[in-house]
1. Measure off, as a whole percent, the carbon and sulfur share of the 1.4 Å-probe accessible area of the range 113-180, all protein chains present.
2. Nearest-5 percent of antiparallel DSSP beta bridges in the chain?
3. Less than 12 Å Cβ to Cβ from Val153, Lys/Arg counted +1 and Asp/Glu -1: what total charge do the surrounding residues give?
4. Only Cα pairs within less than 10 Å get springs; with that Gaussian network setup on the chain, which residue of Pro11, Pro126, Pro98 has the largest fluctuation?
5. Can you tell me which of Ile108, Ile16, Ile154 moves the most in a GNM of the chain? Springs connect C-alpha atoms under 10 Å apart.
6. Using a 1.4 angstrom probe on the protein heavy atoms only, could you order His93, His49, His169 from most to least accessible area?
7. Restricting to DSSP H runs of at least four residues, report the calculated mean residue ellipticity at 222 nm for the chain, -39500 (n - 2.57) per run over all residues, nearest 500 deg cm²/dmol.
8. Do you know the Lys pair count in the chain for C-alpha distances under 18 Å, with sequence separation 8 or more or different chains?
Amino acid sequence: MTASAPPRRSPFVLWIIIAIVAAAAGALVAHFALAPKAVSDQAVETLFHTKMPDPAGAEVDLSKFRGKTLVVNFWAPWCGPCVEEMPELTALHGEYAPRNVEFVGIGIDSASNIQDFLKKVPVAYPLTVAGFAGTELSRTFGNTQGGLPFTVVITPDGTVKYRKMGRVHADELRAVLPGA
């Protein structure tokens, strides 16, 4: 009598198991690596002491937003998720303007590229042109990777209430804006 060999697992099943483990590990690493870090003690004050040009070159003094709920969106015209969220942010701007909520987009690109973008995608809230200096400003809010889009909500008293790396959706913002 001969002993039979144990059944062999299909290489396909083994690859599926490896893929599942790799995906789970990747999600875990991405969560810890890309999650916003602590907000700098001076982040809000730095923002409110900043002046940047708008796409046409006129100076925007960000201190004019002090005392309002402020949604700050760091974005770029070449960033797909940024472009996807712009229509929703424009709609929210109109919806929340009567509630002392202001939106500002800090563009991480050149004025000419942002102007070209605005010819295709209308935006109703103020935009500034920060270039790569905007990336440094976003880092003070915990965006250590400098990823885009990155959205921050600041309360009228200057407290950072919400931050998100990646595309933000209207429902997420409605949950943290006044009247929610």
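1. 53
2. Looking only at bridges with both residues in the chain, the antiparallel portion is about 55 percent.
3. Around Val153, the surrounding residues sum to +3.
4. In this elastic network of the chain, the residue with the biggest mean-square fluctuation among Pro11, Pro126, Pro98 is Pro11.
5. Per the Cα network of the chain with a 10 Å cutoff, Ile16 tops the list.
6. His49, His169, His93
7. When only DSSP H runs of four or more count, the value is -12000 deg cm²/dmol.
8. Counting lysine pairs in the chain gives 5.
The values are calculated or read from the model by the stated rules, or taken from the named source; none is laboratory data. Computed from a prediction, not measured in an experiment: that's the story for all the values here. Ideal geometry is used to build each Cβ from the backbone, glycine not excepted, and the neighbour counts take in all protein chains shown. The protein model used for the area step is the full one, side chains on, heavy atoms only, and it has no ligands, DNA or RNA in it. Shrake-Rupley method; radii C 1.70, N 1.55, O 1.52, S 1.80 Å.
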